[in-house]
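Heads up: the structure comes next, in structure tokens.
The values are calculated or read from the model by the stated rules, or taken from the named source; none is laboratory data. The model shown is predicted, which means the values in this text are computed figures rather than measured ones. Quick reminder, even Gly has a Cβ in these numbers, built from the backbone with ideal geometry, and neighbours come from all protein chains shown. Side chains are part of the model used for accessible areas, which takes the heavy atoms of the whole protein and leaves out ligands, DNA and RNA. Shrake-Rupley method; radii C 1.70, N 1.55, O 1.52, S 1.80 Å.
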Amino acid sequence: MFEQLATIAKQRLKFDFPYDISTWINDMDMVMENYHKHTTWSDLVQIDSATSIPEFFQKSDEYGCKLYFSGEHGYPGEWLHCYDLCKQTNSEKYRNKIGIHRPLKFRYSAEVYWVKDRLAEHEETYEGKGGEIKTRTVRDNSNCHMILVARNYNAMRKLNYIISCAHDDGFYFKPRIDLNLLFTLSPDDVYVTSACVAGWKYSDAEEIWLKIWEHFSDSFFLEYQTHNTDKQKELNAKIFEISQRYGIQTIIGLDTHYINETDCQKRNDLLKRKGLHYDDEVDWYMDFPSGKEVFKRMIQQGVVPEGEILYAMMNTHVFLNGCEELEYDTEFKIPILNEYKDFTYEDRCKELKKILLEEYSNEDDNHKSQEKEEAIEYEFGEYCASGCADYPLDNYKLVKLAVNKYNGQLTTTSRGSAASYYTNKLLHFTTMDRFEAEVPIFPERFITKDRILASHQMPDLDLNCATQEPFVLAARELFGEHGCYPLLAVGKLGEKSGFKLYADIQGLEPSLANDITSEIDAYNDALKNVEDDVDKENIKIEDYITDERHLQIFYDSKPYQGIIEQAKVHACGFCLFNGNVRQQDVIGYGDIRYEIGLIRCHSESTGKSTIVANVEGSLLDSYGYVKDDFLIVDVVGIIHDLYASIDMKVPTVAKLRQMVSEDKIGRAHV
């Protein structure tokens, strides 16, 4: 009977169903694609899951799913990270590592919060603490839900922009899009579903969803869910009636927040740690069931006919061929300054050479030599041959503008390996001259063309500054208002914090928990004292937790390690971008809001919110983006203020040596 009903349902589909009906029912457990799900990456916006992406991969693989959807609460997850992990599943080595058998394809998605008008404000009265009546300005806090899935690359860029707006001017308790933003999308851009019961908060919700259906037509689906609650059953009955009346497609969303009972306990422990409880999810199914279990749960509701259930289940496969495969460009995307935008790469290299020679000509004769001129030739050659000539050009203009126009203050000594290149001194990234250093400094420590081309890692310039604002202002003047944003940093539970959460939840005896914590500290201290990665691999936790009982407890805590707790602003990393010259016809060219997207980070300690690029620094090299580090070091400002108070410029390293050359006490500290 199932096969007959499914065959009839298949005839209603607006796409080619990818499986033989008999095989799908009898051999594949009626597999569904889980487009409505959450992992620990939702915790960047709302603490709601403890499931890792590899764990989700494993469950998807178990059922035979072919797709992984990036979407989380209020944003598309760190979608480039999701894309990267999906790409890695093409490798048998990676699949073996995480325990899956088949590759998974990436789909860009988001469960967005939406309101009618994100900018509308109105006055409301309320009672103050003293009983007095006050007035305040408020916005719409309905924050309904909706699922959006990008169908192509340009649609993904549009969604990046729309969700960036939600985290910027649309933020009010939650990042909210509105109907105006939604209707800038076309049916060819996205698939849309009505999500959970939270999609129906407005009294005129039916009218709104009908307008959305009229706009998106066959790219819109009313979403059933399986919760055996009165509220869900009433909504499912309403959805069935509306779909039959207007001929609107339906689909079943799982709204997964954990994948099994162990994972459920982990989520409960996380919520307990944060002091959270969600009343509205009582009696909800929030797991990742098989298709046959979904069918069973829908039947138990006793609301939707069997044929309709099968039809809605089958519609989850629309995303397989209805979305284009994304092939992301990984080549370098180093910003090209507007003054050079019509130059060839070779011409820009000539400009770099011209600047270096001009700056070298400004050096006094005592600081010129044949050796330095040879260094200029060598280092210039490495920059250009590695394809990175725009990197020093960009930062030369940036530092110059930040210092001269916006009163930026830099350390004279630089940080990291920048001082290894003499040309970096000429470009004012440092005042250190490697030829005058008291210890040998080798240029290879900064960059070589072979290392850059082999590793796909760009030069890494670290700038210690008194404040970041002058350098950010300079970057935005050079690369556009939306060409510079701080990077995302993700706060995760590590070995120690993950263990402490586990210990607290399990009620471990304090002395036992403290002993294991001390052993974890000793292990981490050993790792900190070793720089070589090979040597680090030889440092094992088992060498520091030697008691078998202690070790087993630590192993039991491992599922808690890596749980995400919050989105943070990177301490110093900024993404610089003004376009990919190989993709000049895309929407939002040169704008990080379209290229990567933005997310709002909220500090629990300070209450301050900051808009950041929705990408971690660790991904930038792999995908060709530029990261500059503007690290705030208080002493930089103190030094500048000190010399300003005696009407002097901060001396270069060489000048400082000269100043104290006859001061034995001072010389010993230089």
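Rounded to the nearest 500, what is the chain's calculated 222 nm mean residue ellipticity when only DSSP H runs of at least 4 contribute -39500 (n - 2.57) each, over all residues?
-12000 deg cm²/dmol
Probe of 1.4 angstrom, ligands and nucleic acids ignored: what's the accessible area per residue over region 483-525, in square angstrom?
It amounts to 41 Å² per residue over region 483-525.
What does the extension gain come out to for Tyr555 and Lys134, with contour length at 0.36 nm per residue minus their alpha carbon separation?
Extra length from Tyr555 to Lys134 when fully extended: 146.0 nm.
Could you tell me the largest-minus-smallest coordinate of the C-alpha atoms of region 185-270 on each of the three principal axes, in descending order and whole angstroms?
43, 31, 21
Share of the chain's accessible area from carbon and sulfur, percent, 1.4 Å?
47 percent
Hey, what D do you get for region 118-238 in µm²/s if you plug the Kirkwood alpha-carbon radius into Stokes-Einstein at 4 °C and 1.567 mPa s?
It comes out at roughly 80 µm²/s.
Report the equivalent ellipsoid semi-axes for region 407-530 in whole Å, largest first, defined as the square roots of five times the eigenvalues of the gyration tensor built from alpha carbon atoms.
Its equivalent ellipsoid spans semi-axes of 40, 22, 15 Å.
For the pair Ala454 and Lys400, how long in nm is the line joining their label points, each one 7 Å along Cα→Cβ?
Once both label points are built, they end up 3.5 nm from each other.
Rounding to the nearest 10 and keeping the result within 0 to 90°, find how far the Cα-based axis of helix 510-528 lies from the longest principal axis of the chain.
Tilt relative to the chain: about 50 degrees.
Which ³J(HN,Hα) values in Hz, rounded to whole numbers, follow from the phi angles of region 241-256 under the Karplus curve 6.51 cos²θ - 1.76 cosθ + 1.60, where θ = phi - 60° and Gly and Pro get x?
5, 5, 5, 6, 5, 10, x, 8, 5, 10, 8, 10, x, 8, 6, 5
Could you tell me the convex hull volume per residue, in Å³, taken over the Cα atoms of region 303-447?
In region 303-447, the Cα hull volume divided by residue count equals 233 Å³.
To the nearest 20 debye, what is the magnitude of the charge dipole of the chain about its Cα centre, counting +1 on the Cβ of each Lys and Arg and -1 on the Cβ of each Asp and Glu?
800 debye
Taking the Cα centre of region 328-406 as origin and charging only Cβ (+1 Lys, Arg; -1 Asp, Glu), how large is the dipole, in debye to the nearest 20?
In total the dipole reaches around 420 debye.
Would you mind working out the accessible area per residue for region 530-629, using a 1.4 Å probe, and quoting it in Å²?
48 Å²
Rounded to the nearest 10 Å², what accessible area does Tyr594 show when all protein chains are kept and the probe is 1.4 Å?
Result for Tyr594: roughly 40 Å² accessible.
Work out the count of Lys pairs in region 336-420 where the Cα-Cα distance is under 20 Å, with the pair 8 or more places apart or on different chains.
Close lysine pairs found across region 336-420: 17.
So if R0 is 22 Å, what FRET efficiency would Ala522 and Lys492 give, r being the distance between their Cβ atoms, rounded to the nearest 0.05?
The formula returns an efficiency of 0.55 here.
In terms of the Cα gyration tensor, with a ≥ b ≥ c the square roots of its eigenvalues, is region 265-345 rounded because a/c is under 1.5, prolate because a/b exceeds b/c, or oblate?
It comes out oblate by the Cα gyration axes.
Would you mind getting the accessible area per residue of region 87-163, heavy atoms of the protein chains only, 1.4 Å probe, in Å²?
51 Å²
In debye, nearest 20, what is the charge dipole magnitude of region 242-399 about its Cα centre with +1 on Lys and Arg Cβ and -1 on Asp and Glu Cβ, if you could check?
Roughly 1200 debye, rounded to the nearest 20.
Give the Cα extents of region 1-119 along the principal axes, in whole Å, largest first.
48, 46, 21
Could you work out the relative contact order of region 520-629, using alpha carbon pairs under 8 angstrom and six or more residues apart, expressed as a whole percent?
Relative contact order here is 21 percent.
Select from Met32, Ser618, Asn464 the residue farthest towards the positive end of the dipole of the chain; place +1 on Cβ of Lys and Arg, -1 on Cβ of Asp and Glu, and compute about the Cα centre.
About the Cα centre, the residue reaching furthest to the positive side is Met32.
Do me a favour and compute the ellipsoid semi-axes for the chain from its Cα gyration tensor, root of five times each eigenvalue, largest one first, whole Å.
Working through the eigenvalues yields semi-axes of 51, 29, 26 Å.
Could you give the alpha-carbon Rg of region 189-345 over 2.2 N^0.38 Å, rounded to two decimals?
The value comes to 1.39.
For the charge dipole of region 198-355, defined by +1 on Lys and Arg C-beta atoms and -1 on Asp and Glu C-beta atoms about the Cα centroid, which residue among Thr344, Leu326, Ile299 has the Cα displaced farthest towards the positive pole?
Thr344
Residues in region 89-122 near a label at Ser622, defined as backbone nitrogen under 11 Å from the 7 Å Cα→Cβ point?
89
Once both labels are modelled 7 Å past Cα along the beta-carbon direction, what's the Glu444-Asp204 spacing in nm?
Spacing of the two 7 Å Cα→Cβ label points: 7.2 nm.
Note down the nm distance, to one decimal, between modelled labels 7 Å out along Cα→Cβ at Glu374 and at Asn141.
It is 7.1 nm.
Could you count how many Lys pairs in region 31-118 have their Cα atoms under 28 Å apart, skipping same-chain pairs fewer than 8 positions apart?
19
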